[in-house]
Amino acid sequence: LARGRGLPLVAVMSPKAALTLGPVAAHLGLTLAGSSPLMVLRPTTPVTPSRPVKVTRALGPELVAIAGDLAAAAFDEPRDVLARCIDVMVSETAGVETWIAWDGEAPRSAVTVTPTGSTAGISLMATPPEHQRQGMGRALLTQVMADYRRRGVTRFHLGATPAGRPLYDSLGFEPSAALSAWMLSADGALAGRPRGELS
């Protein structure tokens, strides 16, 4: 589907899955882009909000667009690329919840949480460079995690980037495994292969 639409694709694999699926990904034209640590915050690790901050859930086109803008600026990605993974997936019934931290009336940071029972995945922790190192990301993340703890979530996990790793280490997240990331470029490494053919 990604090739047919001329879209890039990223597949993230656990070490065990990569043993079997890595060669399949390579055969399909994906290239190994690197790895990042899967980090886990265990149920016994306390979550203490660092400071109060205004936090709202990104619901509705205006707030979803703000969250997408923050992520595009934070990750230095074209806004339309981020739109594919934020604008289309954030809704009241999607099971994915995105939160925005505000400094007065100005949005400063966003984070996405996918709760599943007593576990929640954290992704797209996004603070634009000009607002980093001011404690807003920490304030947002700790406040949101504390709220999920009150709602019964005991364990959190995330894939850490080098930029985010110091924050996650300081909050008590522990590395659990090395996730490998495989990429298919937008032009499609298998453009010459007929659509739908996998082998």
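Tabulated data
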item	result
Estimated dipole of segment 131-177 in Debye, rounded to 20 [Cβ of Lys and Arg +1, of Asp and Glu -1, Cα centre]	140 debye
For residue 98, distant residues with modelled amide H under 5 Å away	58, 113
Dipole of the chain, positive direction: furthest Cα of 127, 22, 102, with charges on the beta-carbon	22
In Å², nearest 10: area of residue 103 left accessible to a 1.4 Å probe	80 Å²
Tilt relative to the chain, helix 61-75 - C-alpha long axis, 0 to 90 degrees, to 10	70 degrees
0 to 90° range, to nearest 10: angle between helix 136-150 axis and the chain longest Cα axis	90 degrees
Candidates 114, 20, 45: whichever shows maximal mean-square fluctuation once the chain is modelled as a Gaussian network with Cα springs under 10 Å	20
If the convex hull is drawn through the Cα atoms of segment 89-172, its volume per residue in Å³	107 Å³
Cut-off under 5 Å, modelled amide H: who pairs with residue 50 long-range	142, 143
Kirkwood Rh and Cα Rg combined as Rg/Rh, the chain	0.99
Spacing of the two label points (7 Å from each Cα toward its C-beta) at residue 76 and residue 26, in nm	3.0 nm
The chain: most fluctuating residue of 137, 34, 121 per GNM, C-alpha cutoff 10 Å	34
Selected from 24, 40, 111 as most flexible by GNM, with the chain as the system and alpha-carbon contacts under 10 Å	24
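The values are calculated or read from the model by the stated rules, or taken from the named source; none is laboratory data. Please read these numbers as outputs of a predicted model, since none were measured by experiment. Neighbour counts run over all protein chains shown; Cβ positions are idealised from the backbone, glycine included. Accessible surface is based on the protein model in full, side chains and every heavy atom, while ligands, DNA and RNA are left aside. Shrake-Rupley method; radii C 1.70, N 1.55, O 1.52, S 1.80 Å.
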